[in-house]
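Enquirer: Have a look at the structure that comes next, please.
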């Protein structure tokens, strides 16, 4: 018999009978070969009944995806059933395939996860939902049953259920008819050391621009989308010096939102239509030269979606950092920034700054623009300043 068994060969001759929905374990014999073709052990039929009984004496831990479920010993014992072997007439135990399957079917609703389609819905040019797709899963009853049977036969302490992964019908790449498929650019700024009221206003302001959709050629107007700046809109007031007096103004900190938006538009290569720097250097907008001030009815931040598809604006607050991300179609356009460079700096604090943006299109066309900023010296108190800084 050993003439056709080579070194280190594990030969299992298994007779499996499936009758009336039940799983019959009918292993006649198997040989375990080690080095030199030496037989280590022989396990016969009569040894499986005590092994199954032993396996069912303890609870079974079963891995189900990222979680774990416990099958009680009492349930495991229900899976064993006596039967009489036809070819020997002896009493033995078998594992019921049907009972395990029935148990797994009862667990399936709590283990299955339906796939989630990607969503990008918007109304009046505002995205109301931008959710990536999520793969689903469905319990594979047959493979999971086989895994549990193998575990009981092997008298091991744990098992794993098998799942089929389900792809969602709609993924982000399938809804990119709008051309929104990649990050074009982003801008950041830091509002650290801000007052609680200023932080509160920044959070409200950022929320106004999250999910904005711009069509190709459409203009972005910060003031238009911002809306009213008052107590009814949820803004808090801060004391500022204006016309030589301390007065309360709502919305302090919104210029930081405008500055971050300007930086996002710059790094995305969008066409800037209107931008004005602050009248003097403000610590929150370092490095100086990359800021933008706004004041409704007087000063606005405007840019154009000069891409061939829609763009999506998303805003984030992470720790003390503001972030504006602009998504659109990857057209091969590349953006590089030289600067900002500060120069003509005076002891009074007055200074000038500039940066140069170079946009290279896919066809090799290059467009360079210089953005200049002139900052006056911070005036002594009493100070008239933009209350939205």
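Enquirer: Taking 37 °C and 0.692 mPa s as the conditions, I'd like the Stokes-Einstein D for the stretch 176-375 in µm²/s, using the Kirkwood hydrodynamic radius from alpha carbon pairs.
Expert: Estimated via Stokes-Einstein, D reaches 187 µm²/s.
Enquirer: With a point put 7 Å past each Cα toward its Cβ, work out how far residue 193 is from residue 181 in nm, to one decimal.
Expert: Placing both labels 7 Å along Cα→Cβ, they lie 4.5 nm apart.
Enquirer: I've got another one for you. For 303, 163, what's the fewest-to-most ordering of other Cβ within 10 Å of each Cβ?
Expert: With the sparsest Cβ surroundings first, the list reads 163, 303.
Enquirer: The stretch 296-389: Rg/Rh from Cα coordinates, Kirkwood Rh?
Expert: Using only Cα positions, Rg/Rh for the stretch 296-389 is 1.05.
Enquirer: Order by neighbour count: 261, 206, fewest other Cβ atoms within 10 Å first, most last.
Expert: Least crowded to most crowded, the residues run 206, 261.
Enquirer: By count of other Cβ within 10 Å, fewest leading, how are 200, 310, 103 ordered?
Expert: Result, fewest neighbours first: 200, 103, 310.
Enquirer: Just need the Rg to Rh number for the stretch 245-311, please, alpha carbons only, Kirkwood Rh.
Expert: Dividing the radius of gyration by the Kirkwood radius yields 1.03.
Taken together, the values in this text are just the output of simple stated rules run on the coordinates, not laboratory data. These figures come from a predicted structure and were not determined experimentally. Counting neighbours? That spans all protein chains shown, and the Cβs are built from the backbone with ideal geometry, glycine included.
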